[in-house]
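Notes follow the structure.
The values are calculated or read from the model by the stated rules, or taken from the named source; none is laboratory data. Quick caveat: nothing in here was measured; it's all calculated off a predicted structure. Glycine also receives a Cβ, built like all others from the backbone with ideal geometry; neighbour counts cover every protein chain displayed. With ligands, DNA and RNA removed, areas are computed over all heavy atoms of the protein, side chains included. Shrake-Rupley method; radii C 1.70, N 1.55, O 1.52, S 1.80 Å.
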Amino acid sequence: MNVTTRPVDAVSVNPTEALAALLAPDLAATEAEIVARMESPVGLIPDVAHHLVDAGGKRLRPLLTLAAASACGGGGEPAVKLATAVEFIHTATLLHDDVVDGSSLRRGKRAANLIWGDKASVLVGDFLFARAFNLMVETGSLRVLDILAKAASTIAEGEVLQLATTNRGEASRERYYQVIEAKTAALFAAACEAGAITADAPDEMVDALATFGLKLGLAFQLVDDALDYGGLTQSLGKNTGDDFREGKATLPLIIALERAQGEERLFWQRVLARKHQDEDLPFAIQTMRLRGAVEATLDEARGHIADAKAALTRLPEGVIPALLANLADYVVSRLN
C-alpha cells in the first residue's frame, strides 16, 4: 500500500514523529546505512563521525528525502541511499562549521574539534562528503548527482560568504538571505527534490517539493536565529547567544539595528565589530524585545511557511503532504 493513503490523523500528532512512524521501514534502513557507511579501517573516522551522528540529531533532512519520495509513490533503496547522503552532507558541514566558528557545544555535547582537534574534524567531514558522493553515484541518477553536488558547493559558498560578512562587520538583509539560502535552505530543497526524483515524479511535483524544501529551510534558519536571542519567552537555552558572541549579522540583529534609537545603534555596531563582551547578552536580548526584532523575524518565517504550504497544494492530496504542511507550522512553533 502506498503510505500516502494510510488512515493517520495528520493534525493530532507531532508531525515529525508522525512522519517517522509512517516511514519507519525506510527510516530504519537509513539509520542502518548511516552506521554502515561511517565505518573505516582508520578508527578515528568512525569515532569522530559517531560522536556527532549519535548525538541525537532529528534526522530532519533525510526524513524530508524519504517523505518526498513517498509523496510521489516511491521509496526503498534509492531513497534510503539519498537520505543517507543528505545526512552525511549535513553532518560534514556541522563538523566544518564548528571548526570555523570555534564552537564548544554541538547537540548538547562537546564539539568534536575540542576532543580530536580541528584537523581531525575537517578531515572526517571530508570523508563524509566523499561517502555522500559514493551513495549518489550508486543510485545511477546523474540528475540526482547534479542536484546534491550543487547543494554541497552552495553550502560551502554560503560558509565563505558568512565568514567574509562577519569579518567585515556587515549587516545587510540581502546578504543575510544569501547566506541562509546557501547554508541551510539549499540542502532542504535538494533533499526534497532528490527524493521526488527517485520516485520518477513528474517535473511539476519535483519543482513543488523543491520549493517546499527551500521555503521550509529559510523559515527553519530564521527561527534558529531568533532562538539565539531567547525566542519569544524569557527562558534561555544553554546555547543561547552563540551568534551574538560571534558577532553574526542575523536577521534579529539586523532588525534591531534598523529600529535602534540613541546608544542602541552604537551598541549593535560594537557587536558587529566584535568589540562586545559575553556580559552584554542580557542587554542585547532586552533591546531585541523592546524593538520587536524577534517577533518581526517570526513574521518573516511565517511568510516563508505560507509559501512552503502553498507549494504543497500542487501535489495530490494525501497523508504525507498533510504532515509536511503540519511540519512547516511546527518549525515556526519552536519560537513560542
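Hey, what's the Kirkwood Rh for the stretch 127-215 if you take every pair of different alpha carbons, in angstrom? Intermediate results must be reported in sequence, preceding the final value.
Working: mean 1/r = 0.0717 Å⁻¹.
One decimal place: 14.0 Å for the Kirkwood radius.
If R₀ is 22 angstrom, what is the calculated FRET efficiency for the pair Gln178 and Asp207, using the beta carbon separation as r and rounding to 0.05? Each step should come with its number before you reach the end.
Working: r = 22 Å, r/R0 = 0.99.
Once rounded, the FRET efficiency stands at 0.50.
Hey, if you put +1 on the Cβ of every Lys and Arg and -1 on every Asp and Glu Cβ in the stretch 83-195, which of Val122, Phe133, Ala156 ends up farthest toward the positive end of that dipole? In the stretch 83-195, that residue is Val122. Using Cα positions and a limit of under 20 Å, work out the lysines in reach of Lys275, with same-chain residues fewer than 8 apart set aside. Reachable lysines: Lys248.
With the convex hull built on the Cα atoms of the stretch 238-336, state its orientation-averaged projected area in nm². Before the final figure, lay out the partial values.
Values: hull surface 29.9 nm².
Over all viewing directions, the stretch 238-336 projects a mean Cα-hull area of 7.5 nm².
Taking a straight line from the alpha carbon of Lys150, these lysines sit under 20 Å away, with near neighbours fewer than eight places off in the same chain left out: Lys81, Lys183, Lys215. Which whole-angstrom value gives the distance between the alpha carbon centres of the stretch 280-328 and the stretch 24-85? So the two Cα centres are separated by 26 Å.
Checking understanding here: applying a Kyte-Doolittle mean of at least -1.0 and a length along the axis of at least 20 Å (C-alpha), which whole DSSP H helices in the chain pass? All intermediate terms of the calculation are to be shown ahead of the outcome.
Values: long enough: 24-38 (21 Å, 0.41); 77-101 (36 Å, 0.45); 118-139 (32 Å, 0.70); 142-168 (39 Å, 0.43); 203-227 (36 Å, 0.78); 293-312 (29 Å, 0.11); 319-333 (21 Å, 1.55).
Long hydrophobic helices here: 24-38, 77-101, 118-139, 142-168, 203-227, 293-312, 319-333.
Remark: the chain carries a charge dipole of roughly 500 debye about the Cα centre, counting +1 on each Lys and Arg Cβ and -1 on each Asp and Glu Cβ. Full extension of the chain between Lys275 and Ala32 gives 82.8 nm of extra length, using 0.36 nm per residue less the Cα-Cα distance.
Protein heavy-atom surface of the chain, 1.4 angstrom probe: 54% of the accessible area is carbon and sulfur, with nucleic acids and ligands not counted.
Can you tell me what percent of all Cα-Cα pairs in the chain are more than 36 Å apart?
Numbers: 10844 of 56280 pairs.
Summing the P(r) of the chain above 36 Å gives 19 percent of all pairs.
Placing unit charges on the Cβ atoms of the charged side chains and taking the dipole of the stretch 245-335 about its Cα centre, the candidate lying farthest along the positive direction among Ala308, Pro321, Met288 is Met288. Seen from all directions on average, the stretch 139-294 presents a Cα convex hull projection of 10.3 nm².
What Kirkwood Rh does the stretch 166-255 have if only Cα atoms enter the pairwise 1/r average? Answer in Å. Kindly include the intermediate steps, with their values, before the conclusion.
Numbers: mean 1/r = 0.0691 Å⁻¹.
This gives a value of 14.5 Å.
Surface exposure of the stretch 160-304, expressed per residue as accessible area with a 1.4 Å probe, stands at 42 Å².
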